[in-house]
Amino acid sequence: MEIIAKAPASCGELIEGALAGTPFLVTAPISMYATATVSDAFTGMHGLGTKAQEALRRTLAHIGEEAFRFGIRLETEIPQGKGMASSSADIAAVSYAAARAYGRE
């Protein structure tokens with residue numbers, strides 16, 4: 001079994017303001033991705049930072065699982081600390097891949 005989930009980087013605040021009193025924010029995805037791979041062919045957590053590990057723990061709790069029975073690897077093309085939502089992409093990819101491993105979305 002192998003599940004792959006990708007989440008894009010983002011340019012978070014191209015335009016921000018208010019129009020007729022309603023706040024708005026324009027963002028755009030960027031063609032760089034965080035990729036989480038869940039597999040039963042390897043074990044352990046590889047490449048998961050603190051936030052991605054916490055996201056995995058919370059995802060498991062949400063779906064009622066106590067332990068993660070598979071291996072998970074996170075790889076990213078997104079530079080950290082540059083305002084491109086790297087942590088958000090990591091969290092999204094890890095959470096989705098983990099949930100899919102248990103048949104959830």
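The values are calculated or read from the model by the stated rules, or taken from the named source; none is laboratory data. Predicted model only: the values in this text are computed from it and were never measured. No Cβ is skipped: glycine too gets one built from the backbone with ideal geometry, and neighbour counts run over all protein chains shown.
Things worth noting here:
- Among residues of region 1-45, those that are part of a loop (DSSP other than H, G, I, E, B) and without any contact (Cβ under 8 Å) to a residue 12 or more places away in the chain, counted: 2
- Residue list for region 24-42, restricted to those being at pLDDT 95 or above and over 20 Å from G103 (Cβ atoms): S31, M32, Y33, A34, T35, F42
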